[in-house]
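Everything below concerns the one structure shown next.
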Amino acid sequence: MRTAAAAVLAVAVLASGCGGPAPSSGQGTGGEPQGEISLVTPIFEGSDGQRVLEEQLAAFRKQYPKVRVRPDYTNYAKLNEKLTTSMVSGRAYDVMLLGIGWVPPFAGRLLADLGMDRAELAKTYSPRAVDAGVHDGKVYALPVMLDMRFGIYRKDLFAAAGITAPPRTFAELRDHARRLTVRDASGKLQRAGMDVLSTDPRQVYETLLWAAGGDLFTPDGKVAFNSPNAVRGLELMTDLIRTDRALDIGFTKVGDTSIPIITDRAAMALGHNNLWLEIQAQRPELIAQDKIGTFVITDERPAMFQGGTLASMSASGKNKPAALALVKFLASADASLAASSQRGNVPAVRSLESSSYVKENAFVRFAMSNMDSAFSEGGVPGWLNIRNDFKAAIESALLGQKSPKEALDELAARAATQVSGR
Amino acid sequence: MTAVLERRKALRRKDRGRRRVAALMLAPAVIHLVWWIGIPVVSTFVLAFLQYDIFAGTAEWVGFDNFARIFSDDVWNASIWHTLVYTFFTVPVAMVIAAVVAVLLNVKMRARAWYRAAFFLPHVTATVAIALVWMWMFEPRIGLFNALLEMVGVTGPAWLADPDWAMTSVIVVSIWKGIGVKMLIYLAALQSIPHELYEAADLDGASGPRKFFSITLPLLKPATFFVFVVSMIDAFQVFDQVYILTPDGGPANSTTVMTYEIYQAAFGRFDISTASAQSVVLFGFLMVLTVISRRLTGKDDSHVSS
């Protein structure tokens, strides 16, 4: 039976190999990398993104004229499909741009140890950004750019409500949200006191969990997102919606084109750093009149959500010198700045703090000056197995189907068997 | 005698030649089917009984463990239930509406072709485009449905964000999208009913409803069974409109369906073995439905032809 299974797998691999990425061509000889390598990227989307990457690859070719890069464009929603098919076909991409949560599940299996020193890298990048690419003490990926989520508020609406400063605790946050909420005579919500629905619910919950002093996992990899502190994070979300009625389910959603904090329909929000570009495009007067403020969500400790894109190379790649050269190039200051500017993100390279891009973008500047409060999700090999299960559990609490503790306990039970990674 | 043998030889040669031509002409289709359907189907069945580590490229025989695991998963069981609910409501409702529309559009009337085209249009329009338009109509704040409800003093729900309404909303879109092709099949069936039957009924003084229930409906039976089978299979395979209207399984997994869970297992969790076991279960559902329906259809066909 095993022989038959192996035969079928072999045929399947052969069949699926038709659509996979091209194999690396040739080994680097001597000191200079050469040959063809494949790159999968989820961040250079659309024609603008493609143009930015092409410019960067042209610069890379000037440094390494004998290396040819074949980019494969995708987005984060489709990245796993690309990776799955490439792995099944046995033709993994030489260089992969991945999210932070991807590193522990892939470390040592799909991703190669880059053989770099964490302490040395921390001189170039923020230590928290470096840690995102480290697993079991080995560096598997270099940070390119970061996606931060933090508190955003409307100074003008705060002033109108007589509130002088952003919240410093969960209790203050709830109080502010209640006072800032506006409903019409029929009870219909006109302005949300605090918008926690425009951002991915998992990322909102994680930010609140960290601020409440909780953690996703214990240092030895056990589930911890249902600990009493962690539950407080979800309780805050639930209280804002169900008790304080500072927001209604359905009032807004992830990906909505009308963003409440920009359109005066929310006074506070937990938002992404790239909202700055949206404000510039939709209502630049809010920036000109200094109506937008930022704050780090704080209770037991300050916490910002740190997502991001990392450059890594395949453990099974046949042209590692060229792949490593591209990984280093994509995580360099110039490439990091280009990628970040295109998406309104935070460059991972610390020296870019003095760049005009960072100076002119208040959200990016704020994020870079608060990197000590940054927390990243994942951290265990089985993270990708449970990552998508958070949304339903969180929603069941927000909808009142379960208490926050019940929802998280159920999720923890479901996750416990999977976090070790099969 | 020799002449007879020669003729037989010539016939055999001709026969071999014909077979070669037939094989040659069939080859592209056979290769295509084996490559794109045969191998994946066999692989899926084998993988369903293995624990395949996509990273290491290793596989271990685990028997029915994958099946035991998926049936102990509440979300997978919920997805089966949601698929059944979705099928139960979309198939019969859309069939009834399609049959009524087909009968109405089978009579002579002005702009009949335009009406037919209008009903058929959703079927040929991209599901993504349809789903996006409906998303706007379902939008709780500025959407069409809640605006209409507001005019009569009713506050509409957050259709796609409320677990009590999300599946209903998906079903409504699917019914609307599915009417066109069913109507087309019914129209073809209606036009194949001999006119003489209606003329004879007229002579006997049969009323319109009597003619519908005694002639039209019985003679639409084979078409009805065909539409039923195809619609059931289609409904069990629903993915795109659910995925776009209610991403990530909908609010609190209220609209997650079997195909979405298979997709999640394979591409969200890199768990090809679980996805294969789930696919085999879906295959089982479809096989049982097809066999039942085929038997019913077969009986009906033989009845009609006799």
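Every number in this text was worked out from the coordinates using simple rules, so none of it is lab data. Predicted model, so just to flag it, every value in this text is computed and none were measured. Cβ placement follows ideal geometry from the backbone for every residue including glycine, while neighbour counts extend to all protein chains displayed.
When +1 charges are put on Lys and Arg Cβ atoms and -1 charges on Asp and Glu Cβ atoms, the dipole computed for chain B relative to its Cα centre reaches about 2260 debye. Note on segment B:241-289: along the principal axes its Cα atoms extend 29, 28, 16 Å, ordered by decreasing extent. If you take the square roots of the eigenvalues of the alpha-carbon gyration tensor of segment B:2-47 and sort them as a ≥ b ≥ c, do you get rounded (a/c under 1.5), prolate (a/b over b/c) or oblate? Note, shape of segment B:2-47 comes out prolate. For the set A:Lys78/A:Lys328; A:Lys123/A:Lys155; A:Lys253/A:Lys402; A:Lys188/A:Lys359; A:Lys320/A:Lys359, the pairs lying more than 32 angstrom apart at their alpha carbons are A:Lys123/A:Lys155; A:Lys188/A:Lys359; A:Lys320/A:Lys359.
The chymotrypsin sites (Phe, Trp or Tyr not before Pro) of segment B:47-86 that meet both conditions, a loop assignment by DSSP and at most 14 other Cβ atoms within 10 Å of the site Cβ, are B:Phe64.
Counting only other chain Cβ atoms within 10 Å of each residue's Cβ, the peptide B:249-259 averages 4. A DSSP coil position with no more than 11 other Cβ atoms inside 10 Å describes the following trypsin sites (Lys or Arg not before Pro) in segment A:79-149: A:Lys123. With contacts taken as Cα pairs under 8 Å and at least 6 residues apart, chain A reaches a relative contact order of 24 percent. Would you mind telling me which residue in A:Asn229, A:Asn274, A:Asn388 has the biggest mean-square fluctuation in a Gaussian network model of chain A, where springs connect alpha carbons within a distance under 10 angstrom? Checking each option, the largest mean-square fluctuation is seen for A:Asn388.
Name the lysines eligible as straight-distance cross-link partners of A:Lys405: C-alpha to C-alpha under 17 Å, and not fewer than 8 places from it in the same chain. Here the lysines satisfying the reach criterion relative to A:Lys405 are A:Lys391. Its residues counted as N, segment A:281-322 yields a C-alpha radius of gyration over 2.2 N^0.38 Å of 2.26. Multiplying each eigenvalue of the alpha-carbon gyration tensor of segment B:28-99 by 5 and taking the square root yields semi-axes of 32, 24, 8 Å, largest first, rounded to whole angstroms. Only beta bridges with both residues in the protein assembly as shown are counted; by DSSP, about 75 percent of them are antiparallel.
Among the residues of B:38-44, the average count of other protein chain beta-carbon atoms within 10 Å of the residue beta-carbon is 4. Springs join every pair of Cα atoms under 10 Å in this Gaussian network model of chain A, and among A:Met87, A:Met304, A:Met194 the largest mean-square fluctuation is at A:Met87. Its Cα centre serving as origin, the protein assembly as shown has a Cβ charge dipole (Lys and Arg +1, Asp and Glu -1) of approximately 2780 debye. For segment B:75-305, what does the relative contact order come out to in percent, with C-alpha contacts under 8 Å and a separation of six or more? Rounded, it is 28 percent for segment B:75-305. When a/c reaches 1.5 or more, the comparison of a/b and b/c decides; with that in mind, is segment B:75-305 rounded, prolate or oblate per its Cα gyration tensor? It comes out oblate by the Cα gyration axes. Here the protein assembly as shown is treated as an ellipsoid with the same Cα gyration tensor; its semi-axes, largest first and in whole Å, are 50, 38, 24. Among B:Asp65, A:Asp48, A:Asp248, sorting on how many other beta-carbon atoms sit within 10 Å of each Cβ, with the fewest leading, yields A:Asp48, B:Asp65, A:Asp248.
Checking every one of the chymotrypsin sites (Phe, Trp or Tyr not before Pro) in segment B:162-266 against DSSP loop status and a limit of 15 other Cβ atoms within 10 Å picks out B:Phe239.
Shape of segment A:359-422 from its Cα gyration tensor (a ≥ b ≥ c, root eigenvalues): rounded if a/c is under 1.5, otherwise prolate when a/b > b/c, or oblate? Here segment A:359-422 falls in the oblate category. The alpha carbons of segment A:27-137 occupy a box of 35, 33, 30 Å along the principal axes, longest dimension given first. Highest mean packing first, where packing is the average number of other Cβ atoms within 10 Å per residue, the peptides A:237-245, B:167-175 line up as B:167-175, A:237-245. Kirkwood radius, chain A, all distinct C-alpha pairs, inverse of mean reciprocal distance: 22.7 Å. Within the listed set B:Leu33, B:Leu245, B:Leu296, the residue fluctuating most in the Gaussian network model of chain B (springs between alpha-carbon atoms under 10 angstrom) is B:Leu33. Across every direction, the projection of the convex hull enclosing the Cα atoms of segment A:175-331 has a mean area of 13.4 nm². For the residues of B:157-166, the average number of beta carbons from a partner chain within 10 Å of their own beta carbon is 3.
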